[in-house]
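First comes the structure, then the notes that go with it.
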Amino acid sequence: MRRTHSLFVTALLASSALATPAFAEEQPAAPEAAEDQPGSDRSRNIDEDDIHTLPDIIVSAGYLDDLNILAGTSVIEGDDLTQELEPQIGEILTKLPGVSATSFTPGASRPVLRGFQGPRILVLNDGVGLVDVSTTSADHAVTVEPLLLERIEVLRGPAVLLYGGNAIGGAVNSFDKRIPRAVPDDLHVDILGSYGTAANERSIGATLDLPITDNLVLHVDGNYRNTDDLEVGGFVLSPELRAEQLEVAAEETEEGNLDEAAEALELAELRNRIPNTATETYSFGSGLSWFGDGGMLGMSVSYFDSLYGVPERPGAEHAHEEGEEEEGEEEEEEGPVTIGLEQVKVDFVGEVYLSGFFEKLRLRTSYANFEQIEFEGDEVGTVFSNEGIEARAELIQRERNGWRGASGIQYSFRDFSAIGAEAFVPPNLTSQFGIFTVQEISTGDWDIEGALRYDRVDSDSSVLGIERNFNSVSGAIGAGYNFAEGVKAGVNLSRAERAPGPEELFSNGPHIATQAFEIGNPNFDTESSIGGEIYLRVDQPNWQFAITAYYNDFDNFIIDIPTGAEEDGLPVFQFIQNDAEFYGFEAQGSAIFARSGGFEFVVDGVADYTRASLDGLGPVPRIPPLRLLGGLEAQSDTLNGRVEVEWFDDQNRNATFETETDGFTLVNAQVAWKPLGADGAVTLLASANNIFDVVGRRAASFTKDFAPLAGRDFRVSAKVSF
């Protein structure tokens, strides 16, 4: 099976290459001018790079540039992306409206959008999946290298139908530099280095783009990051876990077990640093692109390697083998859990310029071979392997009389296996085929938008003798009215369906990294949602404001919840299906309140809130609380300075067996300086995060009670481009 799908990649590349001579001659590619086109990162000035000033959103879907796509998009790029750089993509985006993170460990953090996480959130690279196992479990890292990224888009609401009906919560689309998208005038080099004190983080990355001919560009990159254990602002354990360990210490002391009592007391008093949270990551890659009058072809090969520790949940113990120890035999102590992963990935992009009704045909393919090992000390616990492919073909319509759109097909396949004593998911094969269309019509002051998608998903576990097939249809329609220049309001309605993932269907066993016993259900039905959102967007010369209210009603919502039982010494988490509802809002705004000495002084803010409930069972677990963020910023062509305060409310709407999360406030400051001028090659950045060294815990995190957020962190970065 693996050989078959590897050959599929080769066949797709070959067929696209063979199509090259037939490219239409009517539309020159003009690669040299690409940097000046609307939507190009390099066409933006320093103010437009600031996510806090609400620039016009340009969605780089590859085929729908500058399309509203049913609203609900945020972008981070340029200096803001550099300033927010973190080892995992989930942590980079948390200041955007409606976004939180799983924050499982410094080495593994996925985005949380509007309270949704896991398989309901797609993390993409230029429109296709990463072909890793990060959706399998929260402890698995996302194989995106932040040092390499130029831009990240967050799509919420109906827009995600472009990428998959299963991503009901939203999509995060990242764009890196590995496949060149234009021919530079000369050799172009980018170097980025940074240092952070909270984890003694050292990172450096470099990219090189070399025009070999007028039509051929070579890209090479390399990146490295190393961190120590993460420093925090106080006690590592939450108040509930500290009290539990102090009680254990008292009981063990009373029984005369002084060693066990000392161990529990040491855990209760642990502070300032989270043990076993160090990380080491490196990646490198190379790409080649050819540009012709009728289109372009690009391909890249990359390697990603990461090793990171997983903090230990106090009291989580499990037996590898049943049976009592023989008399006189000492029980072997387990070592800390660390995860080592590597991925080899091949990416392809092809575009054919067309005449007539369609403007362009675009092909995008990604193939990867992924392996992850969970270590217990020096011993190999479980080995996860995943070989897969994802491919898209899209036909982009030429705009005519205010009507534009795109239609396409999407295919993915994954061959997954987990081998070891604690392989909680059996080997399985999953394939998905989708067909979609997105259309927009602008007439007068009205914008009418619609999307329709069909997906077929097949999940097969030969070990269990189970094969499931799912058919799903998702659709969305929206209407927006432009009341005045820069003032738009609208409503979007959608119905989306998601097939259960293999982990939700087939899990049944202990998982050492999450320190839980996970149980799925192979009889699950398709999950469906009816949702809507109302939005208002105002974009005036000196101030901007946007607010969205949303609601989702689910049938057969799939969620893993703690049962209170234990298996192999681990808490049992059972996947269930239940009706559920999610609703909330997200808002952001900014205003220029003064100008002086070449500076614009800006005040901005973000607010978001999600409330989620399971019908008859109470709150959905791991939902972020109300969050408010406010900042003051001074902006100029060469110097930007910012101070901000981010406040999180208590989260006391909790599921059964879920602990409450105390609120906290973070105070941060940032400065960015271009010492050689606005167009100079050097940018220097510095920031102080969590200045008052508070203890913060994300309510969306599985590990919040024993892995708080970073304490006081001073960071410096330097970016050089020439």
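Taking the stretch 507-518 on its own, how many of its residues are open to solvent by 10 Å² or more (accessible area, probe 1.4 Å) and touching a strand residue (DSSP E or B) at 6+ places or on another chain (Cβ under 7 Å)?
Going through the stretch 507-518 one residue at a time, the tally reaches 5.
Confirm whether E390 is closer than 30 Å to D568 by Cβ and modelled with pLDDT of 95 or more.
Against the criterion (closer than 30 Å to D568 by Cβ and modelled with pLDDT of 95 or more), E390 does not qualify.
Look at the stretch 195-228 and say how many of its residues are in contact with a helix residue (DSSP H, G or I) (Cβ under 9 Å, 6 or more places away or on another chain), of a type in the set (D, E, K, R) and crowded, with 16+ Cβ neighbours inside 10 Å.
Result for the stretch 195-228: 2.
Pairs under 9 Å by beta carbon, first residue closer than 20 Å to D455 by Cβ in the stretch 466-481, partner in a strand (DSSP E or B) and among the aromatic types (F, W, Y), six or more apart or different chains?
N471/Y454; S472/Y454; V473/Y454; S474/F436; S474/Y454
If a residue counts only when it is under 18 Å from A182 (Cβ atoms), which strands (runs of 3 or more DSSP E) contained entirely in the stretch 200-308 have at least 3 such residues?
201-211, 216-227, 279-292
Being closer than 30 Å to F517 by Cα and either hydrophobic (A, V, I, L, M, F, W, C) or at pLDDT 95 or above (or both) is true for just one of A159, A101. Which residue is that?
It is A101.
Can you find a residue in the stretch 442-456 that is among the charged types (D, E, K, R), under 22 Å from L363 (Cβ atoms), in contact with a strand residue (DSSP E or B) (Cβ under 8 Å, 6 or more places away or on another chain) and crowded, with 21+ Cβ neighbours inside 10 Å?
Yes, the stretch 442-456 contains at least one residue that is among the charged types (D, E, K, R), under 22 Å from L363 (Cβ atoms), in contact with a strand residue (DSSP E or B) (Cβ under 8 Å, 6 or more places away or on another chain) and crowded, with 21+ Cβ neighbours inside 10 Å.
I'm trying to understand the selection: among the residues of the stretch 427-441, which are open to solvent by 20 Å² or more (accessible area, probe 1.4 Å) and within 26 Å of the chain's Cα centre (by Cα)?
Result: P427, L429, T430, S431, Q432, F433, I435, T437.
Looking at L614, is it buried (at least 19 other Cβ atoms within 10 Å of the Cβ) and out of contact with any Gly (no Cβ under 6 Å at 6 or more places or on another chain)?
In short, yes.
Got at least one residue in the stretch 399-409 being of a type in the set (D, E) and in contact with a helix residue (DSSP H, G or I) (Cβ under 7 Å, 6 or more places away or on another chain)?
No, every residue in the stretch 399-409 fails to be of a type in the set (D, E) and in contact with a helix residue (DSSP H, G or I) (Cβ under 7 Å, 6 or more places away or on another chain).
Out of the stretch 526-556, which residues are over 26 Å from G165 (Cβ atoms) and touching a helix residue (DSSP H, G or I) at 6+ places or on another chain (Cβ under 8 Å)?
The one that is over 26 Å from G165 (Cβ atoms) and touching a helix residue (DSSP H, G or I) at 6+ places or on another chain (Cβ under 8 Å): Q544.
Residue-wise test of (1) without any contact (Cβ under 8 Å) to a residue 60 or more places away in the chain; (2) within 19 Å of F358 (Cα to Cα); (3) in a strand (DSSP E or B).
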site	(1), (2), (3)
I389	no, no, yes
R392	no, yes, yes
L395	yes, yes, yes
I409	yes, yes, yes
R414	no, no, yes
E422	no, no, no
S431	yes, no, yes
E440	no, yes, yes
A451	no, yes, yes
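Looking for something on the phi > 0 side of the Ramachandran plot and open to solvent by 20 Å² or more (accessible area, probe 1.4 Å) - is there at least one such residue anywhere in the stretch 566-578?
Scanning the stretch 566-578, I find at least one residue that is on the phi > 0 side of the Ramachandran plot and open to solvent by 20 Å² or more (accessible area, probe 1.4 Å), so the answer is yes.
Looking only at the stretch 500-523, how many residues end up being modelled with pLDDT of 95 or more and in contact with a Lys or Arg (Cβ under 8 Å, 6 or more places away or on another chain)?
Of the residues in that region, 3 qualify.
Looking only at the stretch 361-401, filter to residues that are open to solvent by 20 Å² or more (accessible area, probe 1.4 Å) and more than 30 Å from Q343 (Cβ to Cβ); which one of those is nearest to the chain's Cα centre (by Cα)?
Only one residue fits best here, namely L395.
Does the stretch 598-614 contain any residue that is aliphatic (A, V, I, L, M), part of a strand (DSSP E or B) and at pLDDT below 95?
Within the stretch 598-614, none of the residues are aliphatic (A, V, I, L, M), part of a strand (DSSP E or B) and at pLDDT below 95.
G584 is checked against (1) crowded, with 17+ Cβ neighbours inside 10 Å; (2) without any contact (Cβ under 8 Å) to a residue 12 or more places away in the chain; (3) among the small types (G, A, S) and fails just one. What number does that condition carry?
Every condition holds for G584 apart from (2).
Does the stretch 519-563 hold any residues that are of a type in the set (D, E, K, R), open to solvent by less than 20 Å² (accessible area, probe 1.4 Å) and closer than 21 Å to S134 by Cα, and which are they?
Of everything in the stretch 519-563, just one residue is of a type in the set (D, E, K, R), open to solvent by less than 20 Å² (accessible area, probe 1.4 Å) and closer than 21 Å to S134 by Cα, namely E527.
Going by the conditions given, is R498 among the charged types (D, E, K, R) and surrounded by 22 or more Cβ atoms within 10 Å (Cβ to Cβ)?
Here the answer is yes, as R498 does meet what is asked.
Just for the stretch 668-696: of the residues that are part of a strand (DSSP E or B) and either open to solvent by 40 Å² or more (accessible area, probe 1.4 Å) or of a type in the set (K, R) (or both), which one is nearest to V716 (Cα to Cα)?
Once the filter is applied, the top-ranked residue is L684.
Have a look at G663, G631, G641, G696 and point out the one that is in contact with a helix residue (DSSP H, G or I) (Cβ under 7 Å, 6 or more places away or on another chain) and modelled with pLDDT of 95 or more.
G631
Residues are listed down the side, and each one gets a yes or a no for (1) within 21 Å of I623 (Cβ to Cβ); (2) in a strand (DSSP E or B); (3) modelled with pLDDT under 95; (4) of a type in the set (G, A, S):
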residue: F545; (1), (2), (3), (4): no, yes, no, no
residue: N556; (1), (2), (3), (4): yes, yes, no, no
residue: I561; (1), (2), (3), (4): yes, yes, yes, no
residue: F575; (1), (2), (3), (4): yes, yes, no, no
residue: N578; (1), (2), (3), (4): yes, yes, no, no
residue: E581; (1), (2), (3), (4): yes, yes, no, no
residue: F585; (1), (2), (3), (4): yes, yes, no, no
residue: Q588; (1), (2), (3), (4): yes, yes, no, no
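The values are calculated or read from the model by the stated rules, or taken from the named source; none is laboratory data. Computed from a prediction, not measured in an experiment: that's the story for all the values here. Every residue, glycine among them, receives a Cβ derived from its backbone with ideal geometry; neighbour counts consider all protein chains shown. SASA here: full protein model, heavy atoms, side chains in, ligands and nucleic acids out. Shrake-Rupley method; radii C 1.70, N 1.55, O 1.52, S 1.80 Å.
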